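Beneath this line is the structure, given in C-alpha cells, with notes to follow.
The values are calculated or read from the model by the stated rules, or taken from the named source; none is laboratory data. Owing to the predicted nature of the structure, the values given are computational and were not obtained by experimental measurement. Here Cβ is always computed from backbone atoms with ideal geometry, including for glycine, and neighbour counts include all displayed protein chains. What goes into the accessible areas is simple: the full protein's heavy atoms, side chains included, and nothing from ligands, DNA or RNA. Shrake-Rupley method; radii C 1.70, N 1.55, O 1.52, S 1.80 Å.
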Amino acid sequence: MLRNMATIIKKELIESIRKYRLFILMAVFIFIGFMSPIGTKYLGEIMSMLLPEGYEIKVRQASEVEAYFQFFKNISQLGMVVFIVVSSGLMADEFEKKTIVCLLTKGVSRSKIIISKFIAGALELLFCYITAVIIFRYYTGVFWSNQVEIATLLYSNLIVFEYGLLILGLNIFLGTKFGTKLATVTSCIFINILQILMSIHPTIAKYLPVSLLSNCVYIVEQKKTVSDTVAAVVISMLITILLLVISIKAFKEKEIEQ
C-alpha cells in the first residue's frame, strides 16, 4: 500500500516539474516573500518619486506588522489564486487526457490515487510556502529586526496553509466530479467568492474557513487570539477531510471511459 502511494506521489512531483506547475507556484511565492517587505519599506519613497511635484499621497507607515499585512494580502489575493489554477489539474487532467486509465490498469486502488494526489499537492504547497516565509523573514529581520515572535509567525502562517489544504481538497473533489480543468477552476473560484460574500455577516464570518486569510493578520496585530480562530480552523480541517472522503466515493462510482 505505502509503496504504491509513494510511487504515485513521486509521479505527481515529477509531473509538477515537467508541467512547470511547481516552477510557477515557486516563482509566485518567492515574489511574494521578496516584494512584501521590500514594497512595504520603500513604497512611500517610490510613490513620492513618481508623483508630480506638489502632489502628496498617504501610505501606511512602514513597519514589520505592515509588512505582514502585505505578505498575507499577497498570499490571499495572488498566491492562493495561482494555487487554485495549478492544483486544478491534479484530477481533472487525468480524466481529460484519459491518463487515469494507466493508473487503474496497474491495479492501484482509487482511494490511494486520491490520497496520494492530495499528499503530493500538499508537499508542493508546503515547499513553496516555507520558501516564501524564509525570504520574507530574512528581509523583515534586515529592516525591522524580526520583533514578531516565532510562535505568532508559525501559527498565523499555519492557518493560511490550512486554507490552502482546503483548496487542494476542493479541487480534487471538483476535478473528480466534473472531470475538466475549466469547470474545476471556475467552481473553486465561485465557492471562494461565495464565502467572501457570506463573511460580510460577522456572526457567520468567524465560522467560515476563508476567515483564516484575514485572521492571520489579526493574530500578528494581537487583535485576536488563537481561541478566536479555533472554530474556523476545525471547520476547515473537517471540510477538507470530508472532501477527500466524498472524492474517494465519487471516484469509485465514476465510470472511466477507455
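Values computed for the structure shown
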read-out: Residue that is nearest to Gln147 (Cα to Cα), among those in region 213-237 that are open to solvent by less than 20 Å² (accessible area, probe 1.4 Å) and small (Gly, Ala, Ser); value: Ala232
read-out: Scope region 88-124; condition more than 21 Å from the chain's Cα centre (by Cα), of a type in the set (Gly, Ala, Ser) and in a loop (DSSP other than H, G, I, E, B); matching residues; value: Gly107, Ser109
read-out: Of residues in region 136-146 being in contact with a helix residue (DSSP H, G or I) (Cβ under 6 Å, 6 or more places away or on another chain) and open to solvent by 40 Å² or more (accessible area, probe 1.4 Å), the one modelled with the lowest pLDDT; value: Asn146
read-out: Considering residues of region 181-190 that are of a type in the set (S, T, N, Q) and more than 16 Å from Lys117 (Cβ to Cβ) only, the residue most open to solvent (accessible area, probe 1.4 Å); value: Thr186
read-out: Test: residue in region 166-180 that is open to solvent by 70 Å² or more (accessible area, probe 1.4 Å) and not in a loop (DSSP other than H, G, I, E, B); value: yes
read-out: Answer residue from region 220-258, given it is basic (Lys, Arg) and modelled with pLDDT under 95 and is nearest to the chain's Cα centre (by Cα) among those; value: Lys224
read-out: Residue in region 10-32 that is open to solvent by less than 30 Å² (accessible area, probe 1.4 Å), over 16 Å from Ala122 (Cβ atoms), part of a helix (DSSP H, G or I) and at pLDDT 95 or above present; value: yes
read-out: Per-region count, region 147-157, residues open to solvent by less than 30 Å² (accessible area, probe 1.4 Å) and of a type in the set (Gly, Ala, Ser); value: 1
read-out: Near pairs, Cβ below 7 angstrom, 6+ apart or cross-chain, from region 75-86 (in a helix (DSSP H, G or I)) to any residue that is open to solvent by less than 20 Å² (accessible area, probe 1.4 Å) and among the β-branched types (Val, Ile, Thr); value: Ile75/Ile32; Ile75/Val160; Leu78/Ile32; Gly79/Ile32; Met80/Ile167; Phe83/Ile167; Ile84/Ile167
read-out: Matching residues in region 197-212 - criterion: being open to solvent by 70 Å² or more (accessible area, probe 1.4 Å), part of a helix (DSSP H, G or I) and not β-branched (Val, Ile, Thr); value: Leu197, Met198, Pro202
read-out: Test: residue in region 85-107 that is surrounded by 17 or more Cβ atoms within 10 Å (Cβ to Cβ) and modelled with pLDDT under 85; value: yes
read-out: Out of Ile130, Ile113, sole residue that is among the aliphatic types (A, V, I, L, M) and under 30 Å from Thr225 (Cα atoms); value: Ile130
read-out: Unique match (being crowded, with 21+ Cβ neighbours inside 10 Å and of a type in the set (A, V, I, L, M)) among Ile119, Ile130, Ile75, Ile115; value: Ile75
